[in-house]
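**Student:** Okay, here's the structure, questions in a sec.
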Amino acid sequence: MTSDPAMPRLTVRHLLEVPRFRLRLVAGSAGLDRPIRSAHSTELLDPAPYLRGHEVVLTVGAALRDADACAAFATSVKAGRAGAIAYGVGDVTEAVPDALRRHCERLGLPLVEVPDGVPFLGFSEWFAERLASTREEWDEREEIGRLLYEIQHGLASPETLCARVEEAGLDPALLVAVAMPAADAPEASGAPGVLGLDDDVALMITGDEYAGTDVAGIGTPGPLRDLPRSLAEARAALDAARRTGGVVHASGLATFRALLGRLDPEQIAPFADQIARPLADYDKAHGGRLVETLRAFLDRGGAVGATARALSLHPSTLRHRLSRIQALTGRDPLDFEDRAALAIAIWTSR
């Protein structure tokens, strides 16, 4: 299950959207999605030893008297894995120091201006509020995640999800499982279905495809009783999506390329080493076109006549090249099983 269900999955971007703080981003926009989980107030020039990571470091700049001090402070905050610096104006300076802004921009560390009159204590209170609500939300999602795992593996009946499906306003006659990285899971209020967390995977049961994430696996739609299959397909499709990017549907799993895409690199390596590389080396040394010929031959399903016409070759010339490929690789392009091995090798070399 998730490593720390009590930790709010908040970012600097979320903090900037809190109306009560009236924050203004002055540097480090590249880091707006850095995670934050607490506030730490300090006027030390080197706060890194006292940071645990993912803090918003609050300061009024008492120690930031010159450019060197600003550089040292920003570097220390970044080294401590803090999420951002929040600089309170009005006590020591009327504006955020330019030197601090420049160094934060260079480091990709968000720097926000806290208006005069906004107490630092408010940040700690806000994190405490979010922590309480997030803990409850995550506990609920993990409970659903465990249930979905049991349903997928036949340890629980899909019917045990009936109440949650009805609460979400879904039609039990048409459900689809969607798997996505846990970090991409929507907020509870924005989830268009039943949402659970299982380790680093978020599983959503919905009535339609969910388009709220760039990487996802989508199972086959069907009635509640078919949910175990849809869940298994969604997980497998997510594995493929993580390798290739984008959204992968269950229908895309039953293809040659999808099967190869689920193999680890070390499982594919022998095909590249024993087949693709000898052909590429031969072409380089002799100015040949064996790789091009093999690709054309495979694309045309092993049809000699069609391949010869596509390459403007006499069939006997094509057969000579196929014989050379067999001599170099030990695989006969005219044999179906050997042709499959050749296809894997060519696929890995693209």
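The values are calculated or read from the model by the stated rules, or taken from the named source; none is laboratory data. All values derive from a computational prediction rather than experimental measurement. Reconstructed Cβ throughout: ideal geometry from the backbone, glycine too, with neighbour counts over all protein chains shown. Keep in mind that these areas ignore ligands, DNA and RNA; they rest on the heavy atoms of the full protein, side chains included. Shrake-Rupley method; radii C 1.70, N 1.55, O 1.52, S 1.80 Å.
**Student:** Are there any pairs with C-beta distances below 6 angstrom linking a residue in the stretch 26-42 that is surrounded by 18 or more Cβ atoms within 10 Å (Cβ to Cβ) to a residue that is among the small types (Gly, Ala, Ser), with the two at least 6 apart or on different chains, and if so which?
**Tutor:** Gly28/Gly108; Gly31/Gly108; Arg34/Gly83; Ile36/Gly83; Ala39/Ser124
**Student:** Next up: Restricting attention to the stretch 51-80, which residues are touching a residue at least 24 places away in the same chain (Cβ under 8 Å), loosely packed, with under 14 Cβ neighbours inside 10 Å and over 22 Å from Leu16 (Cα atoms)?
**Tutor:** Scanning the stretch 51-80 gives Ala62, Asp66.
**Student:** Have a look at Gly217, Gly154, Gly169 and point out the one that is at pLDDT 90 or above and under 21 Å from Val248 (Cα atoms).
**Tutor:** Result: Gly217 is the single residue among Gly217, Gly154, Gly169 that is at pLDDT 90 or above and under 21 Å from Val248 (Cα atoms).
**Student:** While we're on this one: Among the numbered conditions (1) out of contact with any strand residue (DSSP E or B) (no Cβ under 9 Å at 6 or more places or on another chain); (2) over 20 Å from Cys70 (Cα atoms); (3) open to solvent by less than 50 Å² (accessible area, probe 1.4 Å); (4) of a type outside the set (Val, Ile, Thr), tell me where Ala48 comes up short.
**Tutor:** (2)
**Student:** In the list Arg81, Arg20, Arg37, Arg101, which residue meets the criterion of being more than 30 Å from Val201 (Cα to Cα) and at pLDDT below 95?
**Tutor:** Working: Arg81 fails: more than 30 Å from Val201 (Cα to Cα); Arg37 fails: more than 30 Å from Val201 (Cα to Cα); Arg101 fails: at pLDDT below 95.
The match here is Arg20.
**Student:** Could you list, in sequence order, the residues of the stretch 98-112 that are surrounded by 19 or more Cβ atoms within 10 Å (Cβ to Cβ), in a helix (DSSP H, G or I) and not basic (Lys, Arg)?
**Tutor:** Listed by number, the residues that qualify are Leu100, His103, Cys104, Leu107.
**Student:** Taking the condition small (Gly, Ala, Ser), closer than 25 Å to Ser76 by Cα and open to solvent by 40 Å² or more (accessible area, probe 1.4 Å), does Ala95 pass?
**Tutor:** Answer is yes for this residue.
**Student:** So which of Glu142, Glu125 ends up being among the charged types (D, E, K, R), surrounded by fewer than 19 Cβ atoms within 10 Å (Cβ to Cβ) and under 21 Å from Gly88 (Cβ atoms)?
**Tutor:** On the way: Glu142 fails: under 21 Å from Gly88 (Cβ atoms).
After applying the criteria, what remains is Glu125.
**Student:** Residue by residue through the stretch 20-46, note down the ones that are closer than 22 Å to Ala132 by Cα and within 29 Å of the chain's Cα centre (by Cα).
**Tutor:** Those that are closer than 22 Å to Ala132 by Cα and within 29 Å of the chain's Cα centre (by Cα): Asp33, Arg34, Pro35, Ile36, Arg37, Ser38, Ala39.
**Student:** Something else: Restricting to the stretch 302-327, what's the tally of residues that are open to solvent by 60 Å² or more (accessible area, probe 1.4 Å) and under 21 Å from Thr348 (Cα atoms)?
**Tutor:** Number satisfying all stated conditions: 3.
**Student:** Quick check, is Asp116 outside any helix (DSSP H, G or I), among the charged types (D, E, K, R), open to solvent by 30 Å² or more (accessible area, probe 1.4 Å) and at pLDDT 90 or above?
**Tutor:** Judged against the criteria, Asp116 is a match.
**Student:** Under the condition of being within 27 Å of the chain's Cα centre (by Cα) and not hydrophobic (A, V, I, L, M, F, W, C), which residue from the stretch 128-139 is least open to solvent (accessible area, probe 1.4 Å)?
**Tutor:** Thr134
**Student:** If you don't mind, there's one more thing I want to ask. Can you report the number of residues in the stretch 81-92 which are in contact with a helix residue (DSSP H, G or I) (Cβ under 8 Å, 6 or more places away or on another chain) and surrounded by fewer than 16 Cβ atoms within 10 Å (Cβ to Cβ)?
**Tutor:** 0
**Student:** Quick test of your reading of the structure: Met180 fulfils all but one of (1) modelled with pLDDT of 90 or more; (2) more than 19 Å from Glu142 (Cα to Cα). Name the failing condition by number.
**Tutor:** (2)
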